[in-house]
Amino acid sequence: MDLREKIRVIEDFPMEGISFKDITTLLKDSEALHGCINEMADRFKGLHIDIIAGPESRGFIFATPLAYLLKTGFVPVRKPGKLPAETVKYEYELEYGTDSLEIHKDAIQKGQKVLIVDDLLATGGTMFATAKLVEKLGGEVVGLCFLIELKDLKGREKLKEYRVESLITYDK
């Protein structure tokens, strides 16, 4: 199945010059959604994975069923102030300012092998911050998995120290 055919592309959204990749069309198609999760699992077959982490919010969509399929747990990575227990924070630079992500301090144990999953690789900032949070807690990042990669934004370059897998790539 060609997952690319299941993605709706909307030109000039949310602003002129942007080619928005709408994943809702893939998500509502049961065969495509199952195929997507199975393909993600196949990309990391044979690798020991203790836990899967996913940044909010769309990372949750793919990371949770993948964790279920691979018989691991799932750890959410959130914007500040959304997790109830003690957290660890990672602040990172944006083009105009900073942003940060948090993870529960007890979410990952030292030495655990962690796969991080998100819907989209654009500039790589969110995934880089997520990987650094995992490492800060003593986890080992065994891979980064995405549904879509926007190659022209060069996010893969920011993540060159990690194994990166993308199911669908777009040049623009």
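The values are calculated or read from the model by the stated rules, or taken from the named source; none is laboratory data. All values reported here derive from a predicted model rather than from experimental measurement. Note that we place each Cβ from the backbone using ideal geometry, even for glycine, and neighbour counts take in every protein chain shown.
All conditions in (1) over 25 Å from ARG43 (Cβ atoms); (2) surrounded by 11 or more Cβ atoms within 10 Å (Cβ to Cβ); (3) modelled with pLDDT of 95 or more hold for PRO84, with the sole exception of (2). Residues in the stretch 61-100 that are among the hydrophobic types (A, V, I, L, M, F, W, C) and part of a strand (DSSP E or B): PHE74, VAL75, VAL77, VAL88, LEU94.
If you scan the stretch 26-39, which residues turn out to be assigned to a helix (DSSP H, G or I), over 16 Å from the mean Cα position of the chain (by Cα) and either among the β-branched types (Val, Ile, Thr) or loosely packed, with under 12 Cβ neighbours inside 10 Å (or both)? Correct list: SER30, GLU31. Just one of the listed residues (ILE7, ILE52, ILE23) is surrounded by 12 or more Cβ atoms within 10 Å (Cβ to Cβ), under 13 Å from the mean Cα position of the chain (by Cα) and of a type outside the set (Asp, Glu), namely ILE52. Scanning the stretch 135-153 for residues that are farther than 20 Å from PRO76 by Cα and either assigned to a helix (DSSP H, G or I) or modelled with pLDDT under 95 (or both) turns up LYS151, ASP152, LEU153. From LYS132, LYS110, grab the single residue that is over 23 Å from THR25 (Cα atoms), over 11 Å from the mean Cα position of the chain (by Cα) and assigned to a loop (DSSP other than H, G, I, E, B). Criteria check complete, one pass: LYS110. Looking across the stretch 156-172 at every residue that is out of contact with any helix residue (DSSP H, G or I) (no Cβ under 7 Å at 6 or more places or on another chain) and part of a helix (DSSP H, G or I), the one that is surrounded by the fewest Cβ atoms within 10 Å (Cβ to Cβ) is identified as GLU157.
ASP42 falls short on exactly one of the conditions (1) more than 22 Å from VAL164 (Cβ to Cβ); (2) without any contact (Cβ under 8 Å) to a residue 24 or more places away in the chain; (3) loosely packed, with under 14 Cβ neighbours inside 10 Å, and that condition is (1). In the stretch 60-76, the residues that are hydrophobic (A, V, I, L, M, F, W, C) form Cβ pairs under 7 Å with partners that are assigned to a loop (DSSP other than H, G, I, E, B), at six or more places apart or across chains, as follows: LEU70/ILE49; VAL75/ALA107; VAL75/ILE108.
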